[in-house]
């Protein structure tokens, strides 16, 4: 071997390896952490949610009559407005399409009412209406142009017993739904 030449098969020492690694690490730029800020996206989704809820609430209710639900006729010309829908069929009571309780021969079971058979307050219906009222109040706080007005439209089978109808009206009032409308079909039979 000539003088001044180093052997090629010599192994690097640990110090040399560490020095080489540090030198290469210094040459590379520091990694920039890139993340997605989701707060503006959450704000946008909240706005879209409120818009969609208000859009769906503003559409007319499509009512399908069946053997359990036959709506009475009227010659009134008032158009329905946006409000909570309580449906009374011969077998059940629904709030916005979700079941609140079952009926027996069109009547509320006395065990479902405060005060038993003589009571007017239907407990499961009150609970469902209060849940719905609380959700509407939250929406009203976020959108002051559409305050909670306590409006409810009652869609009742024309064969609904008067007692059941009065109990539903009373329960709506107790849940702060005080502006009532009854849904009827236009025209004569």
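Can you tell me which residues in the stretch 137-156 are assigned to a helix (DSSP H, G or I) and touching a helix residue (DSSP H, G or I) at 6+ places or on another chain (Cβ under 9 Å)? Let's see the steps before the verdict.
Pass one, the stretch 137-156, residues assigned to a helix (DSSP H, G or I): 137-142.
Listed by number, the residues that qualify are 139, 142.
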All positions within the stretch 113-125 that are at pLDDT 90 or above and part of a helix (DSSP H, G or I):
123, 124, 125
For residue 176, are the conditions met, namely being part of a helix (DSSP H, G or I), touching a helix residue (DSSP H, G or I) at 6+ places or on another chain (Cβ under 9 Å) and either at positive phi or at pLDDT 90 or above (or both)?
no
Could you identify the single residue in 146, 181 that is within 17 Å of the chain's Cα centre (by Cα), surrounded by 13 or more Cβ atoms within 10 Å (Cβ to Cβ) and touching a residue at least 24 places away in the same chain (Cβ under 8 Å)?
146
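Going by what's in this entry, would residue 65 be described as surrounded by 10 or more Cβ atoms within 10 Å (Cβ to Cβ), modelled with pLDDT under 65 and assigned to a loop (DSSP other than H, G, I, E, B)?
Numbers: surrounded by 10 or more Cβ atoms within 10 Å (Cβ to Cβ): yes; modelled with pLDDT under 65: yes; assigned to a loop (DSSP other than H, G, I, E, B): yes.
When the stated conditions are applied, residue 65 passes them.
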Against the condition modelled with pLDDT under 65, under 27 Å from residue 141 (Cα atoms), surrounded by 12 or more Cβ atoms within 10 Å (Cβ to Cβ) and in contact with a strand residue (DSSP E or B) (Cβ under 7 Å, 6 or more places away or on another chain), how does residue 57 come out, does it pass?
no
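Kindly establish whether residue 128 is at pLDDT 90 or above and under 13 Å from residue 93 (Cβ atoms). It would help to see each step written out before you state the result.
Values: at pLDDT 90 or above: yes; under 13 Å from residue 93 (Cβ atoms): yes.
Judged against the criteria, residue 128 is a match.
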Of residues in the stretch 69-92 being at pLDDT 80 or above and within 19 Å of residue 179 (Cβ to Cβ), the one farthest from the chain's Cα centre (by Cα):
88
Residue 97 vs. criteria at pLDDT below 90, surrounded by fewer than 16 Cβ atoms within 10 Å (Cβ to Cβ) and more than 25 Å from the chain's Cα centre (by Cα):
no
Looking at the stretch 157-169 only, could you name the residues that are at pLDDT 85 or above and either surrounded by 15 or more Cβ atoms within 10 Å (Cβ to Cβ) or touching a helix residue (DSSP H, G or I) at 6+ places or on another chain (Cβ under 7 Å) (or both)?
160, 161, 164, 165, 167, 168, 169
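The values are calculated or read from the model by the stated rules, or taken from the named source; none is laboratory data. On a predicted model such as this, the values are computed, not experimentally measured, just so you know. Neighbour counts run over all protein chains shown; Cβ positions are idealised from the backbone, glycine included.
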